[in-house]
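Below: the structure, in structure tokens.
The values are calculated or read from the model by the stated rules, or taken from the named source; none is laboratory data. Predicted model, so just to flag it, every value in this text is computed and none were measured. Ideal geometry is used to build each Cβ from the backbone, glycine not excepted, and the neighbour counts take in all protein chains shown.
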Amino acid sequence: MIAIKNAKIHPVDAPIIENGTILIDAGKVVSLGAKVDIPAGAEVIDAGGRSVFPGFVDAHCHVGMWESAIGFEGDDVNEMTDPVTPHMRAIDGFNPSDDTVKEACRAGVTVAATGPGSANPIGGTFMAVKTYGHRVDDMIVRDPLAMKIAFGENPKRVYNSKNKTPMTRMGTAAILREALGKTVRYKEQIDRAGDDASKLPAYDAKMEAFLPVVRGEIPLKAHAHRADDIFTALRIAKEFGLDLTLDHCTDGHLIAEDLAKLGAKVIIGPSFGHKSKFELANKTFETPGILARAGVKVAIMTDSPVVPLATLPLMAGMAVQAGMEKEDALKAITLNAAEILGIQDRVGSLTPGKDADLSIYDGDPMEITGKAWMVLIDGQVVYKK
């Protein structure tokens with residue numbers, strides 16, 4: 001058992017605990033509070049008054065798949081030979097030895113949702129992983145996590161260069177509807193066959209990969225920046241009765257009331273950096289705060305390597321500077337991110353029974369002077385300054 005004492009604890013799902021203690025056993029949080037007895041024989045870590053947060057969660061990135069300082073040899077994020085690749089799996093393209101993974105761990109970013117890019121209308125499955133380990137199979141929080149789909153400029157640009165559909169937004173939507181419609185029929189054939197193997201449809205790897213989506217087991221993870229693309233994503237999800245997260249959602253602040261009424265789940269970012277294409281024209285750090293005030297559940301992402309994964313807390317700090325409430329910004333990189341990803345039973349808050357993923361900080365992680373002093377993943381100290 002591990003006891004962390006003399007800590008300013010930020011549970012996220014409960015009020016801040018001054019001069020508190022956290023007990024950890026078998027990789028899980030056991031208890032926390034201002035008056036917690038430390039069992040005899042426990043390993044004691046004195047936080048020295050430092051702040052303790054849940055490990056930070058990036059709800060959308062490409063870490064480990066678009067590797068640092070390598071180029072083509074480490075670029076495994078987009079399979080641009082076919083616009084429909086639901087059978088591509090992040091787990092098969094992830095390199096846990098990528099420096100960006102290690103840097104994130106040292107900054108207290110303990111969970112990353114990573115997966116295919118946005119070249120294809122249907123890109124493949126994302127996964128959620130811990131940021132410490134040497135074998136991806138042992139780092140998994142959830143796989144598959146979501147099915148990546150993409151709207152807007154990226155699929156148009158990729159396939160226009162190949163003189164191939166989709167060259168328009170209509171083409172992207174049509175490809176997605178066709179794939180979903182075929183998978184619904186494929187599922188119906190399987191359901192009708194029951195235990196009679198002779199009535200099963202011919203095996204189709206793409207539709208097999210899409211089945212968890214139409215069965216409601218995983219959501220669509222929709223790359224959409226512009227308002228019209230956001231509404232197209234929502235329209236198609238409604239047509240097929242599917243769960244959906246809106247990733248990037250650059251124009252989200254312009255349609256905040258609509259998104260609130262629809263109960264949309266939104267992952268904002270990357271808000272830092274150059275407006276490199278037309279659909280980023282309205283990019284601003286004000287977006288997550290405006291959406292949060294409208295009642296939308298918001299997470300903040302880095303889209304690493306677009307913005308380094310280790311800077312996730314600073315991206316939340318930039319949102320605070322632009323008007324977001326600090327409590328909302330912290331939730332956007334912890335509990336909200338976990339809930340939007342559907343992994344809140346494991347991570348996102350310091351709650352008894354959840355994984356003991358902790359970031360102990362000197363200073364404020366949302367400020368440039370803040371620095372991780374110690375990081376624990378699954379109750380193991382994986383970094384100490």
Review point. Restricting to helices (runs of 4 or more DSSP H) lying wholly in the range 280-345: which have 3 or more residues that are under 17 Å from the mean Cα position of the chain (by Cα) and modelled with pLDDT of 95 or more?
Key: 312-321, 326-332, 335-341
Check your understanding: Can you spot a residue in the range 259-266 that is assigned to a strand (DSSP E or B), in contact with a Lys or Arg (Cβ under 6 Å, 6 or more places away or on another chain) and surrounded by 16 or more Cβ atoms within 10 Å (Cβ to Cβ)?
Key -> yes
Point to revise | Long-range neighbours under 6 Å by Cβ, at least six apart or interchain, first residue in the same structural domain as residue 284 (by TED's automatic domain parsing) and among the charged types (D, E, K, R) within the range 312-339, second surrounded by fewer than 24 Cβ atoms within 10 Å (Cβ to Cβ) and part of a helix (DSSP H, G or I) | key: 326/320
Point to revise | Which listed residue is within 25 Å of residue 337 (Cα to Cα) and either touching a Pro at 6+ places or on another chain (Cβ under 7 Å) or at pLDDT below 95 (or both), from 93, 55, 64 | key: 64
Practice item. Test residue 291 against the criterion of being in contact with a strand residue (DSSP E or B) (Cβ under 8 Å, 6 or more places away or on another chain), surrounded by fewer than 24 Cβ atoms within 10 Å (Cβ to Cβ) and not assigned by TED's automatic domain parsing to the domain that holds residue 15, and give yes or no. Key: no
Review point. Among the hydrophobic types (A, V, I, L, M, F, W, C) and over 30 Å from residue 167 (Cβ atoms) - does that describe any residue in the range 64-83?
Key: yes
Exercise for review: Answer yes or no: is there a residue in the range 245-258 that is within 21 Å of the chain's Cα centre (by Cα), farther than 23 Å from residue 58 by Cα and of a type outside the set (S, T, N, Q).
Suggested key: no
Exercise for review: Give the residues of the range 102-147 that are in a helix (DSSP H, G or I) and touching a Phe, Trp or Tyr at 6+ places or on another chain (Cβ under 9 Å), sorted by residue number.
Suggested key: 102, 104, 105, 106, 136
Point to revise | Flag if residue 244 is touching a Lys or Arg at 6+ places or on another chain (Cβ under 9 Å), touching a residue at least 24 places away in the same chain (Cβ under 8 Å), surrounded by fewer than 24 Cβ atoms within 10 Å (Cβ to Cβ) and assigned by TED's automatic domain parsing to the domain that holds residue 298 | key: yes
Study note, to complete from the structure: Among residues of the range 357-376 being buried (at least 24 other Cβ atoms within 10 Å of the Cβ) and of a type outside the set (Ser, Thr, Tyr), the residue nearest to the chain's Cα centre (by Cα) is 357
Check your understanding: Can you name every residue in the range 136-163 that is farther than 19 Å from residue 179 by Cβ and either charged (D, E, K, R) or in contact with an Asp or Glu (Cβ under 7 Å, 6 or more places away or on another chain) (or both)?
Key -> 137, 138, 142, 143, 153, 157
Point to revise | Evaluation of residue 29 against (1) among the β-branched types (Val, Ile, Thr); (2) in the same structural domain as residue 213 (by TED's automatic domain parsing); (3) in contact with a Pro (Cβ under 6 Å, 6 or more places away or on another chain) (one fails), failing number | key: (2)
Check your understanding: Is it the case that some residue within the range 111-121 is modelled with pLDDT of 95 or more and in contact with a Pro (Cβ under 6 Å, 6 or more places away or on another chain)?
Key -> yes
